[in-house]
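Novice: For reference, the structure I am asking about is given below.
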Amino acid sequence: MTYVTRERRDLIRLIRRIQALTLEIQELRQRDRGAPELAARERTLEQLRWRLAAVARRTATDDLDAAA
């Protein structure tokens with residue numbers, strides 16, 4: 001049970017980080033800031049999205065196993 005709780009905490013942390021980074025990227029685009037900074041944040045956002053997908057899959061699998 002502790003494992004599932006940790007996974008869910010990871011999901012929440014990743015979602016919050018993705019939300020914050022998305023806002024930062026929007027602000028950079030509005031201010032027409034330098035391309036290297038924007039590109040770096042977009043790469044980080046993409047990596048976080050992949051991590052979120054992996055954690056979500058593990059959590060869903062754990063939930064299914066627990067229900068069985």
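Novice: In segment 51-61, which residues are of a type outside the set (A, V, I, L, M) and closer than 11 Å to Ile18 by Cα? Even if it seems obvious, please write down each step before you answer.
Specialist: Here is the first cut: in segment 51-61, the ones of a type outside the set (A, V, I, L, M) are 51, 57-59, 61.
Result: Arg51, single match.
Novice: Name every residue in segment 35-55 that is exposed (fewer than 13 other Cβ atoms within 10 Å of the Cβ) and of a type in the set (S, T, N, Q), in order of residue number.
Specialist: Gln47
Novice: Return the residues of segment 1-34 that are farther than 17 Å from Arg57 by Cβ, at pLDDT below 85 and surrounded by 10 or more Cβ atoms within 10 Å (Cβ to Cβ); say none if nothing qualifies.
Specialist: Once the filter is applied, which keeps residues that are farther than 17 Å from Arg57 by Cβ, at pLDDT below 85 and surrounded by 10 or more Cβ atoms within 10 Å (Cβ to Cβ), segment 1-34 yields Arg33, Gly34.
The values are calculated or read from the model by the stated rules, or taken from the named source; none is laboratory data. As the structure is a prediction and not an experimental result, all values here were calculated from the model. Counting neighbours? That spans all protein chains shown, and the Cβs are built from the backbone with ideal geometry, glycine included.
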